[in-house]
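Novice: Got a structure for you, questions after.
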Amino acid sequence: MILRCEWVREGVVSPIYSRFMAEELPNPMLSEPEVVEPIGEGAPVGISVPPGRRAAATFIFMTVTLDMLALGMIAPVLPRLIEGFLNGNASTAAKMIGLFGTLFAGMQFFFSPVLGSLSDRFGRRPVVLLSNFGMGLDYVVMALAPTLPWLFLGRIISGLTASSIPTAMAYMADVTPKEKRAAAFGLLNAAFGIGFVLGPAMGGVLGNVNPRLPFWVAAGLSLANGMYGLFVLPESLPKELRNKFSWRRANPVGSLRLFRSVKGLVPLAGVLLMGYISQQSLQQVYVIYADTRFGWTNRTVGLSLAVVGIFQGIYGVFLVKPALAKLGERRAMVFGYIGGICGYFLFGFTSTGLLLFLGIPLLNLMAVAWPSAQSIMSRNVPPNQQGEMQGAVNSLRGIAGLIGPGLFTWIFSRSIGAHPLVPTEGSPFYLASALLMVGLGLILFATRHEKTVVTA
C-alpha cells in the first residue's frame, strides 16, 4: 500500500488538515509509505510535523506482541516458583498467587493513566522505550530473585512497565488516519492474541529446562526490542501538540473524568468495561471449569486456550478491516458483541467439549468490536489527550482485573457442591453473556447519532 499525505492550508483562518490520497490496498501497517504524520484536527497553522516511517508502526506492533509474549511466558512458571519459595504449601501458594494477580491489576489501574499523561507531555517515544528497558530489567530481577519478596517486587515493576500499552495505542492513533484507526487497533489486539498463544507454550517448554529460564528469555526479548527501537522509532507527537502534565488528570479517578468531559464517551467506556469484565471469566475459571465439567487434561485445556488465541490473532489481522469496510464501526460493534454473547452462552450451556470448541470462533468476534469502540473514542479526543484517553481505557482493564477474579470465582464456587446457589457449572459464562448484553444496549445507546464510518 502506498499512502501519501499532503498538508494543505484552506485559507488564513483554517487549521491544517491532512489529506489522504490512498489506493485500495491491504493492511495499513505492513507497507512503507512516503510519510506518516500525526493526524489531528485543530493543529495550529504553521506547525512543523516531523515525518515518521511505517517501520515505527511495525515496531509498535512488535512491542505489544513481545510484551504480551513475555507476560505469557512467565504465566506457567510463576505459580511454581511461588510454590517453591513456600516449600510446596499449595494452600498458601494459591492465596499468594491471587495476591500477585490483584497486585498486577492494581498497578495497571493506577499507573496506566500516569504513563499515558506523561506521553502527552514528553512524547510517546521516551515512554515506550523506557518501558521496554524497564520490563527487561524487571525480568532480570525476577530471574535472580532469591526470596519471595524480591519476586513480589518484580511483579510490582512488571505491572508498572506493562502499563505502557496505552502509550502504544496513542502512538498508533498519532500516525494513523482517523478512518483507519479501528483497523490499526485491531492489529494491536491481534498482538495480544499472538502473545496469548505463543507465550504460555514457550514458557512451558523453557520452564521444563529451568523454571527461571523463561524470565531470562523474556528479559532478552524486551531489552532487544528496546535497543531496536532506539534506531527505528521516531517521535509521533510534535512538541506543539503536547499537553501539560497534571496529577489531577493522571490519577485513575481523574483520568476517568475524561470520559465525562467528552460527550458520548461514558457509555462507550461502559461498553469496554462490560467486555473486559466478561473476559475475566476465561482467565479465572476456564481451567477449573473444563476440568470439572469435561475432565480435560492440562494438554487439552492448553490446546483450547491456544485455539482462543489463534482465532483472536486471525480475526485481528484478517477480519477487522473487511468487517469495518462492509459494516462500518457501529454495526461492527453490534456484530462483535452479539458474537460474544452467543459464544459465552454456548460455553455455559454446552455439555460436551466439542460444542465448547465451536463457541470459540463466536466468542472471538469481540475482536471486531473493541477496536471499533476505541476508534470512535479516539476520534472524539484531541491529539494532546490521546495518551490520557488510552490510559483511562487501560484503567478500565485494571478495574476489570480487580472485579473479575472475585466475582467469577465466587459464582463458580456457589455453583458446585452439595447445595449450589446456582445449579450449573456454566454460571460464570452465563454471567459473562449477560454483561455483554448490557454492553450491547450501551452500544445502541452510545452510537445512536454516530455517523457510519466505513473504511476502504
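The values are calculated or read from the model by the stated rules, or taken from the named source; none is laboratory data. Note that the structure is a prediction, hence the values are computed from the model and not measured. Every residue, glycine as well, gets a Cβ built from its backbone with ideal geometry; the counts of neighbours run over all protein chains shown. We work out accessible area using only protein heavy atoms, side chains counted, and drop any ligands, DNA or RNA first. Shrake-Rupley method; radii C 1.70, N 1.55, O 1.52, S 1.80 Å.
Novice: Which one of Gly88, Gly136 is of a type outside the set (S, T, N, Q) and either assigned to a helix (DSSP H, G or I) or open to solvent by less than 40 Å² (accessible area, probe 1.4 Å) (or both)?
Specialist: Going through Gly88, Gly136 in turn, just one is of a type outside the set (S, T, N, Q) and either assigned to a helix (DSSP H, G or I) or open to solvent by less than 40 Å² (accessible area, probe 1.4 Å) (or both): Gly136.
Novice: Given the residues Val393, Val381, which is the only one that is among the hydrophobic types (A, V, I, L, M, F, W, C), at pLDDT 80 or above and not in a helix (DSSP H, G or I)?
Specialist: Result: Val381 is the single residue among Val393, Val381 that is among the hydrophobic types (A, V, I, L, M, F, W, C), at pLDDT 80 or above and not in a helix (DSSP H, G or I).
Novice: Moving on. Does Phe109 satisfy being under 28 Å from Arg248 (Cα atoms), open to solvent by 10 Å² or more (accessible area, probe 1.4 Å) and modelled with pLDDT of 90 or more?
Specialist: So Phe109 fails the test.
Novice: Further question: I'd like the residue in segment 236-251 that is surrounded by 19 or more Cβ atoms within 10 Å (Cβ to Cβ) and within 22 Å of the chain's Cα centre (by Cα) and, out of all such residues, is farthest from Met169 (Cα to Cα).
Specialist: For segment 236-251, the residue satisfying everything is Arg249.
Novice: Could you check segment 436-450 and list, in sequence order, the residues that are in a helix (DSSP H, G or I) and open to solvent by 30 Å² or more (accessible area, probe 1.4 Å)?
Specialist: Those that are in a helix (DSSP H, G or I) and open to solvent by 30 Å² or more (accessible area, probe 1.4 Å): Met437, Val438, Leu440, Gly441, Leu442, Leu444, Phe445.
Novice: Here is a further query. Would you confirm whether any residue within segment 252-264 is open to solvent by 50 Å² or more (accessible area, probe 1.4 Å), within 30 Å of Asn364 (Cβ to Cβ) and in a helix (DSSP H, G or I)?
Specialist: no
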